[in-house]
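These notes are about the structure you will find just below.
The values are calculated or read from the model by the stated rules, or taken from the named source; none is laboratory data. All figures in this text were calculated on a predicted structure; none of them were measured in a lab. Please note: Cβ atoms are built from the backbone with ideal geometry, for glycine as well, and neighbour counts cover all protein chains shown.
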Amino acid sequence: METSNYKAAVAILNWNGKTFLEKYLPDILQYSVAEIPIFVIDNGSDDGSVEFVKSNFNAVKIIELDTNSGYAGGYNQGLKQINAEYFVLLNSDIEVTPDWLLPVIEFMDNSPTIAACAPKLKSVHSKEKFEYAGAAGGYIDLFGYPFCRGRIISEVETDTGQYNDMVEIFWATGACMFVRRSVFWQAGGFDASFFAHMEEIDLCWRMKNLGYQIAYYPDVTVYHVGGGTLPESPRKLFLNYRNNLALLYKNLPTNKLFTTIFLRLMLDGLSALVYLFSFSLIKFSTVFKAHIAFYRMLPSLRQKRKEWCKSHSLTEHHTIYRRSIVFDFYVSGKRKFSDLSGFDLSKY
């Protein structure tokens, strides 16, 4: 166990990401500050990542895990060995910018009700555009479909300063998340059964159910490769469908649980038919495999929900969009976050 008590610590989860570490770790070191250590939590890599870091970056601390436990399990195991007031969770495919750390930490110091914070996330490949995985802060609609300020479904906006206000959001991207260590563990950490994808939304929902807020901090920008650690694949599609259902089951208020799950299953079925009629047979079968896996998870999900409800409440949140983002995108033609209505965006 790490014995030092740091104000904050940067934790980079790595799995066979040597190429990204070679490219982006030098800037992380250059633009960070001496009193905030940098950890690489290695998830059982076999590409020489650990040897590369040990040989080239003496200032970086390494936590070696035996096997790949995914984003959720890997971070849980690694963060148990880091004692800091704030965890800064950072993907290996993130390009940071000067003065990216302290402003967010100072903001959270002055806002004790904020459990987690996301900076502005833009694309490495098109630096004028937001990046899919987080953009200017994350939200979900009434059926649990995630979207962002600056990204709805597949439509990614150009950053023209339209989202430069600090607001409360529903979820902070796991690509670059500042989170209070105490609240992270109070909420139970990431759900390791998710493996990867949606685990940060699940965590943020639990932290909100504890009475905390999630914030977007626009004055710090980082750039994301996107899909770098798990590119588009049937596996990624499977995890997205399965885990989205799981986080709904775990976190919805009781009066909305069964209706929402039922309708979401129907919508997933419709999307599977779209895959079928477009001859995407692998995607079609992946949706049903994800549903079967969700049904198999139900006993453990039911137990997790029961344990949580013994001491915490599952409540409504004004940062959930009360309409269908899928309907608004495909039927109503709403392509930008600013086109949406019905949000109460609390500003800081």
Find the residue count for the stretch 77-113, including only residues that are over 23 Å from Asp66 (Cα atoms) and among the hydrophobic types (A, V, I, L, M, F, W, C). 10
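So if I check each of Ile201, Ile214, Ile152, which one is over 27 Å from Ala272 (Cα atoms) and either surrounded by 24 or more Cβ atoms within 10 Å (Cβ to Cβ) or touching a residue at least 60 places away in the same chain (Cβ under 8 Å) (or both)?
Selected residue: Ile214, the only one of Ile201, Ile214, Ile152 that is over 27 Å from Ala272 (Cα atoms) and either surrounded by 24 or more Cβ atoms within 10 Å (Cβ to Cβ) or touching a residue at least 60 places away in the same chain (Cβ under 8 Å) (or both).
Please find, among Ser285, Ser341, the residue that is more than 23 Å from the chain's Cα centre (by Cα), of a type in the set (S, T, N, Q) and in a loop (DSSP other than H, G, I, E, B).
Ser341
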Failed criterion for Leu101 (all others in (1) touching a helix residue (DSSP H, G or I) at 6+ places or on another chain (Cβ under 9 Å); (2) hydrophobic (A, V, I, L, M, F, W, C); (3) in contact (Cβ under 8 Å) with a residue 24 or more places away in the chain hold): (1)
For a quick check of your reading of the model, give me the residue pairs whose first member lies in the stretch 298-311 and is closer than 15 Å to Pro253 by Cα, whose second is of a type in the set (D, E, K, R) and surrounded by 12 or more Cβ atoms within 10 Å (Cβ to Cβ), with beta-carbon atoms closer than 9 Å and at least 6 apart or on different chains. Leu301/Lys250; Lys304/Asp191; Lys304/Lys250; Arg305/Lys250; Trp308/Arg206; Trp308/Lys250
Of everything in the stretch 134-147 that's assigned to a loop (DSSP other than H, G, I, E, B) and out of contact with any Gly (no Cβ under 6 Å at 6 or more places or on another chain), which residue is nearest to Tyr216 (Cα to Cα)? Gly137
Residues of the stretch 26-39 being touching a residue at least 40 places away in the same chain (Cβ under 8 Å) and under 14 Å from Ser92 (Cβ atoms), which ones? Asp27, Ile28, Phe39
Name the one entry in Gly70, Gly137, Gly74 that is surrounded by 17 or more Cβ atoms within 10 Å (Cβ to Cβ) and either farther than 23 Å from Gly17 by Cβ or not assigned by TED's automatic domain parsing to the domain that holds Phe170 (or both). Gly137
Determine which member of the set Phe39, Phe107, Phe87 is crowded, with 20+ Cβ neighbours inside 10 Å, modelled with pLDDT of 95 or more and within 21 Å of Cys204 (Cβ to Cβ). Phe87
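Those residues that are of a type in the set (D, E, K, R), out of contact with any Pro (no Cβ under 9 Å at 6 or more places or on another chain) and in contact (Cβ under 8 Å) with a residue 24 or more places away in the chain, I need them from the stretch 263-297; list them, please.
Of everything in the stretch 263-297, those that are of a type in the set (D, E, K, R), out of contact with any Pro (no Cβ under 9 Å at 6 or more places or on another chain) and in contact (Cβ under 8 Å) with a residue 24 or more places away in the chain turn out to be Arg264, Asp268.
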If Ser280 passes every condition in (1) over 23 Å from Ser324 (Cα atoms); (2) crowded, with 17+ Cβ neighbours inside 10 Å; (3) at pLDDT below 95 but one, which one does it miss? (2)
